[in-house]
Amino acid sequence: MSDASDRFEIQIKRINELIEQPGSDITWNDHIPDPDNPNQARQIDITIRRDESFTVIECRIHKKVQDVKWIEELIGRRISLQANTLIAVSASGFTKGAIRKAKKYGIILRDILTLTEQEIIAWGGKTKVSVTLFEYKKLTLTFSFDNTLKNKITIDDIELAMLNNGNDFHGIFEKMSTAIEQDNPDHEPCLIKTKLSSNILKINGLLVNNIGFNAEFLSHTKQYNVSSIVAYDSPESSVIERNTYVEQVELGNFEIMQSTDIVSVVLDLSSLLIPSNYYFKRVNFEFTRAVEMDSVYIIGLPDLGIQLSNFNIELKFE
């Protein structure tokens, strides 16, 4: 199975998480025993279970429009798996013959259509997306230890720990950014000189009492555009009549799914490049109407953009 196929199936799973009733159990790449051969597992793209109901969703991301042959295969699959409902999702649509066959035998069809600019305007516009980064200039971190550890830790030890375990130090900048939000909600440029309590962070097994944080602070916000919008529903529904829309933002693998006024967001930030001495703070959304946020998936939080060569480390024993 290709990466594109996996991504498409996961996208369809998330759409159904948004539109299904609460309490539904939705599983991607499910494996269940064959009802006729219990020792043989059957792979299913997506399953939905709720109470006694069992739904199978099969997906195809082929370039070719799907025809009667696939529908006939799915009719047999629904019978074999004893599914209450079978939904067929095609990224390329269905032939008229496939639609007629599916209607006769109770196979539910779903496809994805790209909206034109005129359709986007009629649907309600695009979500504005921006990313906020915090920049720290002339940064100095002062690590304070108990006086009894004076000959047991060096600056080299701290630098090596930061290089090998950068995530352990991520919390320093998270705490600092939270403090800035509280004291400087408008993100005005300012000088920072403060002390952060540690109590958790250890270097070579030695507890850091507190960390002095001294820097010049600046905030940067960059706007990102929505590169495309697609609508998900029955192939016989016009785009504007469809209930579910997926906005794909130019920032990496980033999707905003909307069904009526309920929204689910998927952020894959692994491709977001953080400049040196910058810290990723948040993604901001500005919707065209009042919405309810259902869920936010964050994947691939970007690495800390703080480089050792661009700030000073000091040691203090007290």
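Where a number appears in this text, it was derived from the coordinates with a stated rule and is not lab data. Source: prediction; values computed, not measured. As a convention, Cβ positions derive from the backbone with ideal geometry for all residues, glycine included, and neighbour counts pool all protein chains shown.
Pull up the cross-link candidates among the lysines for residue 202, meaning alpha carbon to alpha carbon under 28 Å and not fewer than 8 places away within one chain.
By straight Cα distance, residue 202 reaches 137, 138, 150, 152, 175, 193, 281, 316.
Estimate the FRET efficiency between residue 175 and residue 20 by the formula 1/(1 + (r/R0)^6), using the beta-carbon distance for r and 25 Å for R0, to the nearest 0.05.
Result of the calculation: an efficiency of 0.05.
Give the Cα extents of the stretch 3-114 along the principal axes, in whole Å, largest first.
Each principal axis gives a Cα extent; for the stretch 3-114 these are 35, 29, 27 Å.
Under a point spin-label approximation (7 Å from Cα along Cα-to-Cβ), what is the residue 289-residue 42 distance to one decimal in nm?
Once both label points are built, they end up 4.0 nm from each other.
With label points built 7 Å along Cα→Cβ from the Cα atoms of residue 27 and residue 299, find their separation and express it in nm.
Using points 7 Å along Cα→Cβ, the separation is 2.0 nm.
Tell me, what does the Kirkwood hydrodynamic radius of the stretch 98-149 come to in angstroms if you use every pair of distinct C-alpha atoms? Please list the in-between numbers first.
Details: mean 1/r = 0.0542 Å⁻¹.
Computed over Cα pairs of the stretch 98-149, the Kirkwood hydrodynamic radius comes out at 18.5 Å.
State, to one decimal in nm, how far the label point of residue 317 lies from the label point of residue 282, with both points 7 Å from Cα in the Cβ direction.
4.2
Sort the chain into rounded, prolate or oblate with this rule: let a ≥ b ≥ c be the square roots of the eigenvalues of the Cα gyration tensor; rounded if a/c is under 1.5, and if a/c is not under 1.5, prolate when a/b is larger than b/c, oblate otherwise.
Cα axes put the chain in the prolate bin.
Out of the stretch 247-300, which GluC sites (Glu not before Pro) are coil in DSSP terms and have no more than 11 other C-beta atoms within 10 Å?
Answer by residue number: 250.
Using only helices, what value at 222 nm comes out for the chain when you add -39,500 (n - 2.57) per DSSP H run of length 4 or more and divide by the total residues, to the nearest 500 deg cm²/dmol?
Per the formula, -7500 deg cm²/dmol.
Taking neighbour Cβ counts within 10 Å as the exposure measure, how do 127, 114 sort from fewest upward? Present the calculation step by step, with values, prior to reporting the outcome.
Values: 127 20, 114 12.
Ordered from fewest to most neighbouring Cβ atoms within 10 Å, 127, 114 come out as 114, 127.
Stretched out fully, how many nm does the piece from residue 202 to residue 253 gain, at 0.36 nm a residue minus the Cα gap?
Between residue 202 and residue 253, full extension yields 14.9 nm more.
So, counting K/R as plus one and D/E as minus one, what does the shell of residues with Cβ under 11 Å around residue 131 add up to? Intermediate results must be reported in sequence, preceding the final value.
Details: positive: 222, 281, 282; negative: none.
Cβ neighbours under 11 Å give a net charge of +3.
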